[in-house]
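Notes for the one structure printed next.
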Amino acid sequence: MDSILRAAVVYGFLLVLFRIAGKRTLAQITTFDAVLLLIISEAIQQALLDGDNSLTNAILAVITLVTLDLGLSLLKNRSPRLNHLVEGRPVLLLVDGVPIRERLLAERIDEDDILHAARHAHGIVELSAIRYAVLESSGGITIIPR
């Protein structure tokens, strides 16, 4: 039972941590981000298993984490409020070529991120050619050209 409780607490902690960190944290993973995730996973592993390195304990922890993830997914599908709380809402970043500075700062995005998404999706190289740029809940940027 201790393994199940530990896994549930760790799952909740990581869910809150990555929600606070923002949408872009996992959308554009850098080498530093990958290293950080590896370090986090190693640190969390100790908390999950509490020195019990048995196969049974590891399987219980994994089953608990997957069950929590599936359960949360089902709850998010049934509750739009919970979905928005966990996943967030899309954020309008740019309107008619003009960036909304306070939103860019809040989401830790710069104009280069928007231009990168515009070049990738539509071959657009200037902000003035973009009607809307939206930061999606997934962390990706959607570009709607003029």
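The values are calculated or read from the model by the stated rules, or taken from the named source; none is laboratory data. All of these numbers come straight from a predicted model, not from anything done at the bench. Cβ placement follows ideal geometry from the backbone for every residue including glycine, while neighbour counts extend to all protein chains displayed.
Determine if region 17-38 includes at least one residue that is over 14 Å from the mean Cα position of the chain (by Cα), small (Gly, Ala, Ser) and modelled with pLDDT under 80. There is no residue in region 17-38 that is over 14 Å from the mean Cα position of the chain (by Cα), small (Gly, Ala, Ser) and modelled with pLDDT under 80.
Counting only helices (runs of 4 or more DSSP H) wholly contained in region 1-91, the ones carrying 2 or more residues that are surrounded by fewer than 11 Cβ atoms within 10 Å (Cβ to Cβ) occupy 2-21, 31-49, 55-78, 80-87. If you filter region 46-101 down to residues that are in contact with a helix residue (DSSP H, G or I) (Cβ under 7 Å, 6 or more places away or on another chain) and small (Gly, Ala, Ser), you find that the one that is farthest from residue 10 (Cα to Cα) is 97.
Residues in region 36-61 that are within 20 Å of residue 18 (Cβ to Cβ) and either among the basic types (Lys, Arg) or touching a residue at least 40 places away in the same chain (Cβ under 8 Å) (or both): 47, 48, 61.
When the residues of region 117-141 are filtered to those that are out of contact with any helix residue (DSSP H, G or I) (no Cβ under 9 Å at 6 or more places or on another chain) and surrounded by 14 or more Cβ atoms within 10 Å (Cβ to Cβ), the one that is nearest to residue 95 (Cα to Cα) is 132. The set of residues in region 107-146 that are in a strand (DSSP E or B) and within 20 Å of the chain's Cα centre (by Cα) comprises 133, 134, 135, 141, 142, 143.
Residues that are within 30 Å of residue 83 (Cβ to Cβ) and outside any helix (DSSP H, G or I) occur at least once in region 99-106. A search for C-beta distances below 9 Å between a residue of region 19-35 that is in the same structural domain as residue 82 (by TED's automatic domain parsing) and any residue that is at pLDDT below 70, counting only pairs 6+ apart in sequence or on different chains, returns 33/25; 33/26.
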